[in-house]
Amino acid sequence: MKPRYSTAYLNRLFSSDAYQDLSQLSSILCATDRFSQGESDYGLPQPLFVFVECLQWLAMSWRSGSAWTYYEATPRSRQEAMYQGLDALAAPELARRYAEGMECWRDPQARRALDVWMKQHDADATPWLHSLVRANRATIEQLMG
């Protein structure tokens, strides 16, 4: 049985500026019938895939202290889909830094520079992620059934 969410709860999630609510929206997307771990883009529409994966990239990098954790654990095909999505969604700085990580995650010196950038700009990505889910609310609700 699919989980059901009240309109009031969804309104709160979509109107919130809290990071925790982004995590909750990601969890909701990952619980939809459309989500498939085996697909490079999880079987989600590009903006929603980018939302889920960007949150994963930032969270894994922050929790472990280094972006290498994310890149080591993420299949190259998913990384390529993520880069293409960031590029298509007009997030040039995130796309550039993401691509940098794809190429340098094994190089400790280059990786340290990326880790520093990520720590300094993690909070900058949050408003962009909120705007991404708000712009795609109808699609998210449609996927929820």
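The values are calculated or read from the model by the stated rules, or taken from the named source; none is laboratory data. Predicted model only: the values in this text are computed from it and were never measured. FYI the Cβ positions are ideal-geometry reconstructions off the backbone, even for glycines, and counts take in every protein chain you see.
Summary of values
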| read-out | value |
| --- | --- |
| Selected residue (criterion: surrounded by the fewest Cβ atoms within 10 Å (Cβ to Cβ)) from residues of region 92-121 that are of a type in the set (Asp, Glu) and part of a helix (DSSP H, G or I) | Glu103 |
| Residues (under 14 Å from the mean Cα position of the chain (by Cα) and either among the aromatic types (Phe, Trp, Tyr) or not in a helix (DSSP H, G or I) (or both)) located in region 68-91 | Tyr70, Tyr71, Thr74, Tyr83, Leu89, Ala91 |
| Qualifying residues in region 46-71 (those that are in contact with a Leu (Cβ under 8 Å, 6 or more places away or on another chain) and either of a type in the set (A, V, I, L, M, F, W, C) or buried (at least 18 other Cβ atoms within 10 Å of the Cβ) (or both)) - the one farthest from Glu141 (Cα to Cα) | Ala67 |
| Of all residues in region 54-67 being among the hydroxyl-bearing types (Ser, Thr, Tyr) and in a helix (DSSP H, G or I), the one that is farthest from Glu39 (Cα to Cα) | Ser64 |
| Given (1) modelled with pLDDT of 95 or more; (2) in contact with a helix residue (DSSP H, G or I) (Cβ under 9 Å, 6 or more places away or on another chain); (3) not β-branched (Val, Ile, Thr), index of the condition Ser27 fails | (2) |
| Residue identified as under 28 Å from Gln142 (Cα atoms), at pLDDT 95 or above and not charged (D, E, K, R) among Leu94, Leu13 | Leu13 |
| Residue under evaluation Phe49, criteria (1) hydrophobic (A, V, I, L, M, F, W, C); (2) farther than 23 Å from Glu93 by Cβ; (3) assigned to a helix (DSSP H, G or I), criterion not met | (2) |
| Among (1) out of contact with any Pro (no Cβ under 8 Å at 6 or more places or on another chain); (2) at negative phi - the single one Ser40 does not satisfy | (1) |
| Residues that are assigned to a loop (DSSP other than H, G, I, E, B), more than 17 Å from Trp128 (Cβ to Cβ), free of Cβ contacts under 8 Å to residues at least 60 places away in the same chain and under 20 Å from the mean Cα position of the chain (by Cα), drawn from region 1-34 | Ala31 |
| Cβ pairs under 9 Å, 6+ apart, first in region 121-145 and closer than 15 Å to Arg12 by Cα, second surrounded by 14 or more Cβ atoms within 10 Å (Cβ to Cβ) and of a type in the set (S, T, N, Q) | His130/Ser16; Val133/Ser26; Ile140/Thr32 |
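For (1) surrounded by 14 or more Cβ atoms within 10 Å (Cβ to Cβ); (2) under 26 Å from Ala31 (Cβ atoms), each residue gets a yes or a no:
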| position | (1), (2) |
| --- | --- |
| Gln79 | yes, yes |
| Ala88 | no, yes |
| Ala123 | no, no |
| Leu129 | yes, yes |
| Ala138 | no, yes |
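This table checks each residue for (1) basic (Lys, Arg); (2) within 20 Å of Ala18 (Cα to Cα).
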position: Ser40; (1), (2): no, no
position: Glu53; (1), (2): no, yes
position: Gly65; (1), (2): no, no
position: Glu72; (1), (2): no, no
position: Ala91; (1), (2): no, no
position: Arg106; (1), (2): yes, no
position: Ala123; (1), (2): no, yes
position: Thr139; (1), (2): no, no
